[in-house]
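Sharing a structure here in structure tokens format.
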Amino acid sequence: MANYLTLAVAGSRKTQGIVEHCASLPHDRRALVVTYTQTNQAELRDRLSTYPGDHPDIRVMGWFTFLLRDFARPFLPFIFPGKRVRGFNFEGRPHRMAKGLKRFLDLNEAVYSCELGRLAHELVEASKGVLLHRIECIYDEILIDEVQDLSGHDWEIIDVLLNSSLDVRMVGDIRQSVLATNPRSQMNKKYAYAEAINWFREREARGVLEIIENATTWRCHPDIAAFSDTIFDSSWSFPRTESRNKTVTGHEGVFLVRHEHLDEYIAQFDPQCLRSSANSGKDFDLDYLNFGLAKGMEYRRVLIVPTDGIVEFIQSGNHLGPKPAANFYVAVTRAAQSVAIVLPDAGTSKLPFWEP
Amino acid sequence: MITKIKIHGYRIYKDFELEPNQKLNLIVGANESGKSTLMEAIALALTGRVNGRRVSEELNPYWFNTTLVEEFVWKRNNGERVAFPEISIELFFEGRDDLQQLCGAINTEIPTKACPGISMSILPNPDYADDLDNWARNPSPILPIEYYMDDWRSFADSKITIRPKQLATAIIDSRTVRSTSGVDYHLREILGDHLKPSERADISLTYRQVKASMSDGALKTVNERIGKLHASLHDRPISLAMDQSTRTSWESSVTPHVNKVPFSMSGQGQQAAIKISLAMNKHSDQANFVMVEEPENHLTHTSLTTLLSRMESLAGEQQQLFVTTHSSFVLNRLGLGSLLLMGRGEAHTVLGLSKDTVSYFQKLPGYDTLRIVLADKIVLVEGSSDEIVFERIFRDIHGKKPMECGIDVLSMRGLSLKHCLELCAKLDKTVAALRDNDGIDPVELRTQVQVWLSNGRRELFIGKVEDGETLEPQLVHFNGEAVLRQILNVDARADLSKWMKREKTEGALRIAESQQQIIPPEYMLAAAKFIHG
């Protein structure tokens, strides 16, 4: 019944917050911790087993596993009588025109990951309350990490959970939503990516949810934090990021680097080089990591080869759209001490150039 | 609590369905009617084990229903690609909150139904699809169980490996004592359920320490001496120590004692009684299933009475009992209302037996109700003389004894005809009931039990008042005094009717053994013809 969403900035120790919350729970509390990425699951499981290791009823599950175990597998016959889910098809997609069973299950009766949310949501209705009652009986509390990564029908399921007797605690950073569970789903398109914030604020206005902002970063230097705040325009009304990073190395903040100084900069600072995707940053032969893969990582220094959009944002202050903005935000907030952006001309930007 | 049991393809059960009683189920049936098989099937689905062993260890070709296997072999030999026979046992539970983990719609109910439940299936292992195909080219009725696997699942479609803790199950089998220590797998489970995890850990630790102290104490000097022997293969020192491996855990040494006598040394009856008390005396907040096979075995009448009243007093709100029995005493005592009648792979619950009748038989537990329950056709007579005379007359008419025709002649010995007839009616038995008119108009006597009668199925036969009030004057009336004196060997000096009244049983026996022809009283003749037409 008590539902909370903690909106946190990058580097604010979100996962640690979940672990600490679990440790503070009564011994016999049945809590389910759900997260989207595999690495995050392993990380959570690992940390939960060492920190609140004496809680027997805290379980960690991936979002898909949750939908399979507690929605699709037990209740599939309510939509397709006599049928069973016999596996999970992560890569496959149903035919565009596929209807009925074929829309959800492949030839081996494995459920398509991209349609699982929709199926799960339809089963909530079709089971006439049995499904939800079961979940209400087997868990006391559900914790959802990386909530910004959910999409499409997943939001409907969150709605169901918010209106159940369970306590739902969600943690996420809306500014980091670069993954989507169903690339093709039309459902809830308006909530996709960073616009999820509005979805939550609607629910807060209706009183089903309390939003807690956590704007303290333990990672990013104050200058980096301040720059990251400028990536989204003020209409999002994100709070200003506070930094607790007091480390001094002699090279702190956000810098622009001209092409001719690039090699020297890398030699001197050894930053992690980041690019938007495999198609960008081709002008330089660097040891890149794509923005998406850098998610969840922390580096002392990063160097970003900007996209055209990022260049325009820096030079003339035109804001990026929600998705590229989220990507850029992820890239910038990986850094603890310094961010360097490869750019020949600063335009109206007040960012300083690094010079040898 | 189990609300429904579905068994497919297991031993004598081709397709079996049963909705058991909520609290008590008294399973009764002839030999080979599937009582034990039903108990076995329930235990199999509840615990994943048979006789305390895993399915994979116990599985054999005779688990499969022979009719289904023969059908399969016949069809395969005829080129039909029918699927391999499978076994499935499903237990449906009531929708309690603490059982919701097991809730789902993966069951065979049509239309789709979601409730907590558990299923055990024995089915072909897809990993051996090729081997199975090869075998099926030349199939035999002995299925290749090596290529089969067991699949134990909840209705939520998740695999189960150990018994869910909400389904505490106690199995008490008093027929045989399985292990030499007397503590068989079932008893260990029961004891285990009584101990808190912390207590178990404590016992285990203390036991290890005790063993370790042996090594440091009494064995120490021994070891100092034999350590100098160079007897081992590579000249490594040998020593004696207590075995600390899990094989020798406390469970095999710590056993229950009764009055300081080890459990295994106490009588079998005592053992059964202890198991039942231990199993039933649990925290009632759990769903408990207690299965007792033939509690009457190894017990004297007095011990059985004690045991049954203990069972009654221990039965909690949340316990469901399954009891098989061959004893009318057990049946009457625990209440005929909970009867589950097995026969030919089917089970009938006896619904709606009036409380009055149930408690009537509870108060008179010595009566052989099981005979009523198990008989095909029943003749109810008043006393043993009626029984003897009826048997003779039946043989005269049909040339066989009633028993040979599947007819059980039961003497009510003063029991109320009304209650007996109600039981027969609820069991839907064919009954001929005979009674004396005692000088009352038969029409009036019939109205008293009219509700339980049914034309052609259950009829009441009463002699006319003018032909005599009881059997003896009726016999005199139909045969004439002279013939009867001869048959009974009563000379003229004695008063025939007084003699017959005094020597009822003796008279009946003489009639039974007489070589002379006997004219049956009208009502008895009609009854004999009715019951075996």
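The values are calculated or read from the model by the stated rules, or taken from the named source; none is laboratory data. Since the structure is predicted, the reported quantities are computational estimates derived from the model, not experimental observations. Don't worry about glycine lacking a Cβ; one is built from the backbone with ideal geometry, like all the others, and counts go over all protein chains shown. We work out accessible area using only protein heavy atoms, side chains counted, and drop any ligands, DNA or RNA first. Shrake-Rupley method; radii C 1.70, N 1.55, O 1.52, S 1.80 Å.
What number of residues within region B:105-137 satisfy the criterion of being out of contact with any helix residue (DSSP H, G or I) (no Cβ under 9 Å at 6 or more places or on another chain) and either surrounded by 21 or more Cβ atoms within 10 Å (Cβ to Cβ) or away from chain A (no Cβ under 14 Å) (or both)?
3
Can you find, within region A:200-236, the residue that is farthest from A:Ala8 (Cα to Cα) among those that are open to solvent by 70 Å² or more (accessible area, probe 1.4 Å) and not in a strand (DSSP E or B)?
A:Arg206
For region A:127-152, what are the residues that are more than 8 Å from chain B (Cβ to nearest Cβ) and among the basic types (Lys, Arg)?
A:Lys128
Okay, next question. Can you confirm whether region A:172-180 contains a residue that is touching a strand residue (DSSP E or B) at 6+ places or on another chain (Cβ under 7 Å), in contact (Cβ under 8 Å) with a residue 60 or more places away in the chain and either of a type in the set (Gly, Ala, Ser) or over 29 Å from A:Val19 (Cβ atoms) (or both)?
The answer is yes, given that some residue of region A:172-180 is touching a strand residue (DSSP E or B) at 6+ places or on another chain (Cβ under 7 Å), in contact (Cβ under 8 Å) with a residue 60 or more places away in the chain and either of a type in the set (Gly, Ala, Ser) or over 29 Å from A:Val19 (Cβ atoms) (or both).
Per-residue answers, yes or no, for (1) surrounded by fewer than 16 Cβ atoms within 10 Å (Cβ to Cβ); (2) at pLDDT 90 or above; (3) assigned to a helix (DSSP H, G or I):
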{"residue": "B:Glu469", "(1), (2), (3)": "yes, yes, no"}
{"residue": "B:Pro473", "(1), (2), (3)": "no, yes, yes"}
{"residue": "B:Arg485", "(1), (2), (3)": "no, yes, yes"}
{"residue": "B:Arg493", "(1), (2), (3)": "yes, no, no"}
{"residue": "B:Ser497", "(1), (2), (3)": "yes, no, yes"}
{"residue": "B:Leu509", "(1), (2), (3)": "no, yes, yes"}
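What do you reckon, is A:Val124 within 14 Å of chain B (Cβ to nearest Cβ), farther than 27 Å from A:Leu293 by Cα and among the β-branched types (Val, Ile, Thr)? Show your work before the answer.
On the way: within 14 Å of chain B (Cβ to nearest Cβ): yes; farther than 27 Å from A:Leu293 by Cα: yes; among the β-branched types (Val, Ile, Thr): yes.
The answer is yes for A:Val124.
Any idea which residue in region A:104-118 is nearest to B:Cys103 (Cα to Cα), counting only those that are open to solvent by 20 Å² or more (accessible area, probe 1.4 Å) and not in a helix (DSSP H, G or I)?
Checking each candidate, the answer is A:Glu109.
Tell me which residues, restricted to region B:62-104, are free of Cβ contacts under 8 Å to residues at least 60 places away in the same chain and within 13 Å of another protein chain (Cβ to nearest Cβ).
Of everything in region B:62-104, those that are free of Cβ contacts under 8 Å to residues at least 60 places away in the same chain and within 13 Å of another protein chain (Cβ to nearest Cβ) turn out to be B:Gly95, B:Asp97, B:Gln100, B:Cys103, B:Gly104.
Can you tell me how many residues in region B:515-532 are open to solvent by 50 Å² or more (accessible area, probe 1.4 Å), assigned to a loop (DSSP other than H, G, I, E, B) and over 14 Å from B:Val431 (Cβ atoms)?
Matching residues across region B:515-532 total 4.
If you go through region B:146-162 one residue at a time, do you hit one that is under 28 Å from B:Ala273 (Cα atoms) and either away from chain A (no Cβ under 13 Å) or modelled with pLDDT under 95 (or both)?
As a first pass, look at region B:146-162 and keep what is under 28 Å from B:Ala273 (Cα atoms): B:162.
With the extra rule that they be either away from chain A (no Cβ under 13 Å) or modelled with pLDDT under 95 (or both), the set shrinks to B:162.
Yes; the residues of region B:146-162 include at least one that is under 28 Å from B:Ala273 (Cα atoms) and either away from chain A (no Cβ under 13 Å) or modelled with pLDDT under 95 (or both).
Next question, about the same structure. Is it the case, given these coordinates, that B:Glu444 is without any contact (Cβ under 8 Å) to a residue 12 or more places away in the chain and either on the phi > 0 side of the Ramachandran plot or open to solvent by 40 Å² or more (accessible area, probe 1.4 Å) (or both)? Full working, then the answer.
Details: without any contact (Cβ under 8 Å) to a residue 12 or more places away in the chain: yes; either on the phi > 0 side of the Ramachandran plot or open to solvent by 40 Å² or more (accessible area, probe 1.4 Å) (or both): yes.
Yes.
Only residues in region B:362-390 that are in contact (Cβ under 8 Å) with a residue 12 or more places away in the chain and closer than 21 Å to B:His326 by Cβ count as the first member; pair them with residues that are assigned to a helix (DSSP H, G or I) and hydroxyl-bearing (Ser, Thr, Tyr), Cβ under 6 angstrom, at least 6 apart or cross-chain, and list the lot.
Hits for this filter: B:Asp368/B:Ser328; B:Thr369/B:Ser328; B:Leu370/B:Ser328.
Can you name the number of the only condition in (1) closer than 15 Å to A:Val85 by Cβ; (2) open to solvent by less than 20 Å² (accessible area, probe 1.4 Å) that A:Asp149 fails?
Status for A:Asp149: all satisfied but (1).
Any residue at all in region A:298-314 that's open to solvent by less than 40 Å² (accessible area, probe 1.4 Å), modelled with pLDDT under 90 and basic (Lys, Arg)?
So far as region A:298-314 goes, no, none of its residues is open to solvent by less than 40 Å² (accessible area, probe 1.4 Å), modelled with pLDDT under 90 and basic (Lys, Arg).
Within region A:330-342, can one find any residue that is crowded, with 21+ Cβ neighbours inside 10 Å, out of contact with any His (no Cβ under 9 Å at 6 or more places or on another chain) and of a type outside the set (A, V, I, L, M, F, W, C)?
For region A:330-342, residues crowded, with 21+ Cβ neighbours inside 10 Å, out of contact with any His (no Cβ under 9 Å at 6 or more places or on another chain) and of a type outside the set (A, V, I, L, M, F, W, C): present.
May I pose another question? Cβ-Cβ distance below 8 Å, separation of 6 or more or different chains: which pairs start in region A:59-79 with a residue that is within 9 Å of chain B (Cβ to nearest Cβ) and end on one that is acidic (Asp, Glu) and open to solvent by less than 10 Å² (accessible area, probe 1.4 Å)?
Listed pairs, sorted by first residue: A:Arg73/B:Asp157; A:Pro74/B:Asp157.
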